[in-house]
Amino acid sequence: MPAANLTIDPAFTIAPVNRRTFGTFVEHMGRCVYTGIYEPGHATADEDGFRKDVLELTRELGVSVVRYPGGNFVSNYRWEDGVGPRADRPRRLDLAWHSVETNEFGLDEFSRWCAKAGVEPMMAINLGTRGVQEALELLEYTNHPGGTTLSDLREQHGASPYGIKLWCLGNEMDGPWQVGHKTPTEYGRLAAETARAMRMIDRDLQLVACGSSSSKMPLFGTWERDVLRETYEFVEYISCHAYYGNDDGDTASFLASAVDMDHFIESVVATADHVGAELKSSKKIGISFDEWNVWYGERSRRTDGPGDQWEVAPRRIEDEYNVTDAVVVGNLLISLLRHSDRVGVACLAQLANVIAPIMTEPGGASWRQPTFHPFAITSRLAAGQVLRVETDSPVVTTAKYGEVSAVDAVATYDDGKLAVFAVNRSTDGPIEVTVDVSRSGVTTVDEAVIVHDEDGLATNTAAHPDRVTPQPADARLVDGKLTITLPAISWTALSLSTN
């Protein structure tokens, strides 16, 4: 059996674990909102119409922050449509997803939902069809304590200040599909003007400028450079978006998707630091990786309705994930944690139904997709400091990325507790892994779980919601050396302590 060796030392830290790494995304797209998180007629619905079964799963998932309301949806959205009495709210055409938006669920409902879910709201503003003035009005409505027209209006709607600190300055403005698509200079100037004005209301806001919507975009790199030249001193983050799939059947490359994420993050960091050097600034721009997931372009379209129909909450990209997808999601989380020195926010897109870890049926059941499990376990176990893991592993040859390490891992350490997250990206067979943890002082394996199935295409469904679940793993710790066998196409989490 092939062997790999990992070395972990608590002295070699990368950065503290950032809880915002475990964010997700709620967009008015498909059934993410309607019959996803919100369904007044459902048997579990609370007094606000929120599905309590989905709220419970959101808490179990370990979500820290939720980005809202888009996504492409936000670039044609009027936030005023989603506040106040529901009976007075207008129905609008959603140009992004060719749907009818009832506005039954809006800003007021989202804020209440966040409070019940125990998550931080991350608000995106419309810089597609709107601009500085509308952003200021939204900020006044959400955050100002009172005594002005819009803050008093919020109080009339029964709400205290929402206190939203994290804001996206638009969404994917480099994309020609975006309503209000702009050049980098046009967007950069608008984002800078908006950020400057918003800080006149609250200088402690944390703002995200739009980066490229994909590293494959023609302007990738130059877009980040030009946008940051305008916005550098006014924002904390620039966004990254990436989706990975296996539409072409190249499973080896798909399993190595985190290699691309690593390169994406490091490229944007290099560009940001170059602009900082140009501007002679000591400030470091962080990464908000506020859209990432597995997404099957071909398979997703099977759930789309006819393009000439305008419907309320039609089914859109409701991917059915399998165990291989779950291994890739777990590996992408490893990449995000490994870059915790610069990645300050990350959002798995999306939370419910739409390429999501949580699935529901209208009026029916909810269940966990296989991708739910690595996210929930990583969120629960990762704490303290992220550690650098030295890896000596067999390699896998891929068409897209060349030779890559078959075993990839990251670790965290917090006051005598060590967590290790590892994947076997090989399709050929198991690998015996030895982890040198002698420098950490741990003596006990508290938990060892693995996400794996002999059928790499195994899924969970409403009829069989637990087909893919984490299983106990056989991990042995002797004299500071931990040994465990990682099956092909598997994700594993280990929790060890000094007790």
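The values are calculated or read from the model by the stated rules, or taken from the named source; none is laboratory data. All of these numbers come straight from a predicted model, not from anything done at the bench. Every residue, glycine among them, receives a Cβ derived from its backbone with ideal geometry; neighbour counts consider all protein chains shown. For accessibility, only protein heavy atoms count, side chains too; no ligands or nucleic acids. Shrake-Rupley method; radii C 1.70, N 1.55, O 1.52, S 1.80 Å.
Using per-residue counts of other Cβ atoms within 10 Å, averaged over each peptide, order 99-106, 476-483 from highest down. Provide the component values of the computation, followed by the final result.
Details: 99-106: 21.9, 476-483: 13.0.
Those peptides, ordered most packed to least, come out 99-106, 476-483.
Report, for the chain, the % of DSSP beta bridges that are antiparallel, rounded to 5. Each step should come with its number before you reach the end.
On the way: 58 of 96 bridges.
Once the DSSP bridges in the chain are tallied, antiparallel ones form about 60 percent.
Based on DSSP H runs of at least 4 residues, each adding -39500 (n - 2.57), what is the mean residue ellipticity at 222 nm of the chain after dividing by all its residues, to the nearest 500 deg cm²/dmol? Walk me through the intermediate numbers first.
Numbers: 11 runs with 126 residues, N = 499.
Taking each H run of at least 4 residues, the total per residue is -7500 deg cm²/dmol.
Run the numbers for Thr444 and Tyr243: contour at 0.36 nm per residue of separation, minus the present Cα-Cα distance, in nm. Provide the component values of the computation, followed by the final result.
Working: separation 201, 0.36 × 201 = 72.36 nm, distance 3.74 nm.
68.6 nm is the gain from fully extending Thr444 to Tyr243.
Please compute the length gained on full extension between His263 and Val312, using 0.36 nm multiplied by the number of residues separating them and subtracting their Cα-Cα distance. Please list the in-between numbers first.
Values: separation 49, 0.36 × 49 = 17.64 nm, distance 3.89 nm.
Value of the extension gain: 13.8 nm.
At Asp88 and Asp414, where each label point lies 7 Å from the Cα along Cα→Cβ, what is the point-to-point distance in nanometres?
4.5 nm
Count the DSSP beta bridges whose two residues both fall in segment 309-411, then state the antiparallel fraction as a percent rounded to the nearest 5.
Details: 8 of 9 bridges.
Bridges in segment 309-411 that DSSP calls antiparallel: roughly 90 percent.
Which lysines, on any chain, are close to Lys165 with Cα under 29 Å apart, when same-chain ones fewer than 8 places away are left out?
Lys52, Lys116, Lys182, Lys280, Lys283, Lys284
Could you pull out every whole DSSP H run in the chain that spans at least 27 Å of Cα extent along its own axis and averages -1.0 or higher on the Kyte-Doolittle scale?
On the way: long enough: 257-278 (32 Å, 0.30).
Length and hydropathy pass: 257-278.
Using alpha-carbon positions, what is the distance between the centroids of segment 104-121 and segment 195-211, in Å?
21 Å
Hey, rough spin-label estimate for Asp341 and Ala115, points 7 angstrom out along Cα→Cβ, what's it come to in nanometres?
4.1 nm
How large is the accessible surface of Tyr244 in square angstrom, using a 1.4 angstrom probe and rounding to the nearest 10?
20 Å²
Contour minus end-to-end for Asp428 and Arg388, with contour as 0.36 nm per residue of separation and end-to-end as the Cα-Cα distance?
Numbers: separation 40, 0.36 × 40 = 14.40 nm, distance 2.68 nm.
Using 0.36 nm per residue and subtracting the Cα-Cα distance, I get 11.7 nm.
At what distance in nm do the modelled label points of Ala15 and Glu60 sit from each other, each positioned 7 Å from its Cα along Cα→Cβ?
According to this spin-label approximation, the distance is 3.1 nm.
Under the classification rounded if a/c is under 1.5, otherwise prolate if a/b is larger than b/c and oblate if not, where does segment 249-368 fall, given a ≥ b ≥ c as square roots of the Cα gyration tensor eigenvalues? Could you put the intermediate results ahead of the total?
Values: a/c = 2.38, a/b = 1.89, b/c = 1.26.
The shape class here is prolate.
How many angstrom separate the Cα center of segment 237-286 from the Cα center of segment 427-493?
Taking the Cα centre of each part, segment 237-286 and segment 427-493 sit 28 Å apart.
Give the separation of the Cα centroids, segment 384-425 to segment 38-59, in Å.
Answer, in whole Å: 37.
Work out the FRET efficiency for Lys400 and Glu155 from their Cβ-Cβ distance, taking R0 = 45 Å, and round it to the nearest 0.05.
Values: r = 54 Å, r/R0 = 1.20.
With a Förster radius of 45 Å, E is 0.25.
Quick check: at a probe of 1.4 Å, how many percent of the accessible area of the chain sits on carbon and sulfur atoms?
Carbon-and-sulfur percentage of accessible area, whole number: 50.
Enumerate the lysines that Lys400 could reach by cross-link, defined here as Cα to Cα under 19 Å, with residues fewer than 8 away along the same chain left out.
Lys216
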